[in-house]
1. Of all residues being more than 26 Å from Glu269 (Cα to Cα) and touching a helix residue (DSSP H, G or I) at 6+ places or on another chain (Cβ under 8 Å) in region 320-364, which is surrounded by the most Cβ atoms within 10 Å (Cβ to Cβ)? Just the residue, please.
2. Suppose we keep only residues that are among the basic types (Lys, Arg) and modelled with pLDDT under 95 within region 1-58. Which one would you say is nearest to His69 (Cα to Cα)?
3. Can you pull out the residues in region 185-214 that are in contact with a strand residue (DSSP E or B) (Cβ under 7 Å, 6 or more places away or on another chain), assigned to a helix (DSSP H, G or I) and among the aliphatic types (A, V, I, L, M)?
4. Would you confirm, using the coordinates I've provided, whether Thr133 is outside the structural domain of Val294 (by TED's automatic domain parsing) and over 22 Å from Ala43 (Cβ atoms)?
5. Provide a single number: the residues in region 1-26 that are exposed (fewer than 13 other Cβ atoms within 10 Å of the Cβ) and assigned to a strand (DSSP E or B).
6. Is it the case that Thr3 is over 30 Å from Asp361 (Cα atoms) and hydroxyl-bearing (Ser, Thr, Tyr)?
7. Considering region 292-327 alone, what residues qualify as being touching a residue at least 60 places away in the same chain (Cβ under 8 Å), more than 16 Å from Asn111 (Cα to Cα) and not hydrophobic (A, V, I, L, M, F, W, C)?
8. Among the numbered criteria (1) of a type in the set (Gly, Ala, Ser); (2) in contact (Cβ under 8 Å) with a residue 60 or more places away in the chain; (3) in contact with a helix residue (DSSP H, G or I) (Cβ under 6 Å, 6 or more places away or on another chain), which single criterion is violated by Ala158?
Amino acid sequence: MDTAGKVIKCKAAVAWEPNKPLVIEDIEVAPPQANEVRIKIVATGVCHTDLYHLFEGMHKDGFPAVLGHEGAGIVESVGPGVSEFQPGDRVIPLFISQCRECRFCKSPKTNQCEKGWAADHYDVMALADSRFTCKGKKVLQFMGTSTFSEYTVMNQIAVAKIDPAAPLDKVCLLGCGVCTGFGAAVNTAKVEPGSTCAVFGLGAVGLAAVMGCKDAGAKRIIAVDINSEKAEKAKAFGATDFVNPKDHNKPINQVLVEMTNGGVDYSLECVGKVEVMRTALESCMEAWGVSVIVGWTDMHDIAIRPGHLICGRTWKGSMFGGFKSKDGVAQMVKAYMDKKLMVDEFITHNMTLDQINNAIDLMKDCKCIRTVMSVSPQ
């Protein structure tokens, strides 16, 4: 049955309130309006940022919502004014827009865009308006994407068209985690050949950062995590050393400084904890070290002694790995299809949408790297 122009009733995992299990509900997804596309989500990863919103941020105005922002799917229909997409296109939803018209999009200095949900509502992590309703109530669209739903509606500036041959249940991870970590190393830190790096946190983002450091030609990559079971996985992605802070009776930054004759050239924090961010900075060579904050949190202030920067270190932040979203995702999908990028290796579990709470528990308990949920049949 042709669904274009009609409300679609489908399944979605709804977060009705913070710190509670998601509920599989029947929701209504309105047709796309001007400059919008409606997408059938085929597969989605579960990312820590989803858990952050649910269990840590818990913004009072951020619920009810459909979470999920690391997906891939097929365009079902398009609204008026859409010329870039047509039904049947294989796409990846983007939580950072690329309108190609604003001053940010036109600048090579940033991958941010002045349009999209993040421009005014980054604290709530959703726009006030959405195309979702459930039980007569408006349901928010998380990070402008909401991939824990069989269908979603997005502005065309936040959708990347990809190689139609790409497996959606793999490249969905390029919608967030893999690009975020990999790009933080190659685009933001600008890791140089022959350098020494440290990556803090070995979830999907951290492992992708390790992979990025290797791709950039780093000669030594020290992976840091409090779970020693991740050591072998890190080495598979390119780490040369593994350090567990629990194995040492001194601050881990001191351990790294001693290991590297003064500190690493580059450090990447992929945990989302302010104390680790400071440690990562202090692990850098004081004269020229570059430290990049990759892990997301907006709950605490961070403090540093001015001398730690005055001496020559650089402290940077990275959102989505510095990739211009539409362009970067398409490039990364091509790199994957050309067998120049590891993606399958991040996937430790495969589940269906009705198992979403099991997938969330796996991530909470640090028992997975990425779980990919099968949402709709292709």
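The values are calculated or read from the model by the stated rules, or taken from the named source; none is laboratory data. Quick caveat, the model's predicted, so the values are computed rather than measured. Every residue, glycine among them, receives a Cβ derived from its backbone with ideal geometry; neighbour counts consider all protein chains shown.
1. Met351
2. Lys20
3. Ala185, Ala189, Ala204, Ala209, Val210, listed by residue number.
4. Yes, satisfied.
5. Number satisfying all stated conditions: 2.
6. Yes, satisfied.
7. Scanning region 292-327 gives Gly295, Thr297, Asp298.
8. Every condition holds for Ala158 apart from (3).
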